[in-house]
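Asker: This is the structure, below, for whatever I ask next.
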Amino acid sequence: MKGERLKKLKVRISSFSLKDMLNFKNLPLRRDKAIEAAEDKEIVADFPINNNARALHPDYQKMVVQGIIDRDSLGTKTLVLKKADGSAAAWFRPGQYVSLKMKIGSSYVSRPYSVSSSPKMTRDGKIHVTVRPKEGGFVSKHLLEDVKVGDSLLVSGPDGQFYHDPLRDSSNVVAIAGGSGITPFISMAFAIRDGIEDFNLTIISGSRTGDSILFRKELEVLQEETDRVKVVHVLSEEKKDGFEHGFITADLIKKYAPEDYSLFICGPQGLYTHMDTEVAKLGLPARRVRREILGAEIRAEDGAFETYTLKVIQGPQVFEIPARSDESLLVAIERGGIMAPSKCRSGECGWCRSKLLSGKVFIPCSHDSRRQKDRESDHIHVCVTFPQSDIVLEIPRGDYPVD
């Protein structure tokens, strides 16, 4: 029966001869002779698909500060960054962030910032990141006061999931922005104007006063350039004609939202806490509510802080540094001059995933996004982990050559 099927398929089967065995045995010999006869030159593997992958997903980009734009009286500035070699910058989805990596004194630090420009600018090698002063902010102070035009910065490739996805999100987006939380939404608005994104955007932006509104002029121009972007300003400390007053509430969202929409929220921790209650009143399915929490302020448990000893094992190197209970392990590692990988600083991306060898730690439930297997094997995200005793920790090597 089997032979009949093979005949129908016209498959020829030949016996394995002595000649075949000799050919197989001599394969290594023929290979070695071919290698010896070949030209002695360096093998260069240059494949277009690999080049494209590196351009779209670089580990880092060497960029130069081409310009600095003053934004408001509070000292907020936009850094205009351009690829140092003149090539195109990595393409990003509006709403994504990049991580700036730098050395300040003896500390290796990184901070995530949403890109505040249109993806169209990447063709000219440019992106914008906007930095607002933060009380006690170590990195923001450096970026705002020390960084000058012509300085170099290392910038990661784009990352994050805070962007419009037509398979998941409505074609209408209502964006809730608090202060500098406007940055991912201004990028979305630019992209809609430029024909890169295809959805309608209503921005409800909360500010203290009219003078503290970020990107006010740009938002006014965008509304004139496209009817797919609408902006509602809400002032908490000032009453003004043409502006809403108070706080962003469920009733205010219903006033301006279309019948079907996705809700995107970005701002300081206080905004998220406030919006938790208001969003519950809207009755939206969970998939229609998106929150961007990168770099959000994460607190340890209340109480007087203690200082513990943190032993860090990184390859063959071992460090012992102090770690405060009210600061994350990542902050202690950076303060100790150790280069460690990090990106989102909110417990989401897993870039700072490390092995807890011994000690007791606290991880806020709201920021514990580890896989179940990591929980069982004592792997932690050091950006959202706080010490509660002396700690022994094994961390991966730093990911950017900042020296």
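Asker: Considering the dipole of the chain built from charges on the beta carbon (Lys and Arg +1, Asp and Glu -1) around the Cα centre, which of T273, G67, S262 is farthest to its positive end?
Answerer: Checking the options against the dipole of the chain, the answer is S262.
Asker: Sticking with this one: Could you order the peptides 339-352, 210-223 from most to least packed, using the average number of other C-beta atoms within 10 Å per residue?
Answerer: 339-352, 210-223
Asker: Of all DSSP beta bridges in the chain, what percent run antiparallel (nearest 5)?
Answerer: Around 60 percent antiparallel, to the nearest 5.
Asker: A further question follows. Mean residue ellipticity at 222 nm from the helices of the chain, using -39,500 (n - 2.57) per DSSP H segment of n ≥ 4 over the full residue count, to the nearest 500 deg cm²/dmol?
Answerer: So the helix-based figure for the chain works out to -6500 deg cm²/dmol.
Asker: Step through the table entries K101/K134; K101/K230; K120/K141; K134/K281; K83/K355, compare each Cα-Cα distance with 24 Å, and write down the pairs that go over it.
Answerer: Among K101/K134; K101/K230; K120/K141; K134/K281; K83/K355, the Cα-Cα distance tops 24 Å for K101/K230; K120/K141; K134/K281; K83/K355.
Asker: Hey, another quick one. Size of the dipole of the stretch 172-292 about the Cα centre, Lys and Arg at +1 and Asp and Glu at -1 on the beta carbon, nothing else charged, in debye to 20?
Answerer: Using Cβ point charges on Lys, Arg, Asp and Glu, the stretch 172-292 gives about 340 debye.
Asker: Let me ask another. Roughly speaking, what is the centre-to-centre gap between the stretch 258-275 and the stretch 68-145 when only Cα atoms are used, to the nearest Å?
Answerer: Here the two parts' Cα centres lie 24 Å apart.
Asker: If I model the chain as equal point scatterers sitting on the Cα atoms and use the Debye formula, what is log10 I(q)/I(0) at q = 0.06, 0.11, 0.12 Å⁻¹?
Answerer: Log10 of I(q)/I(0), two decimals: -0.34, -0.87, -1.00.
Asker: Over the stretch 251-378, how many percent of alpha carbon pairs lie in each 10 Å bin up to the one with the longest distance?
Answerer: 9, 34, 30, 16, 9, 2
Asker: For a quick protection proxy, order the peptides 391-397, 183-189 by their average other-Cβ count within 10 Å, most packed first.
Answerer: Top of the packing list down: 183-189, 391-397.
Asker: Restricting to Cα atoms and excluding each atom paired with itself, what does the Kirkwood estimate give for the stretch 172-292 in Å?
Answerer: 14.4 Å
FYI, it's all coordinate maths here, none of it is from the lab. Source: prediction; values computed, not measured. Neighbour counts are summed over all protein chains in view; Cβ atoms, including those assigned to glycine, are modelled from backbone coordinates with ideal geometry.
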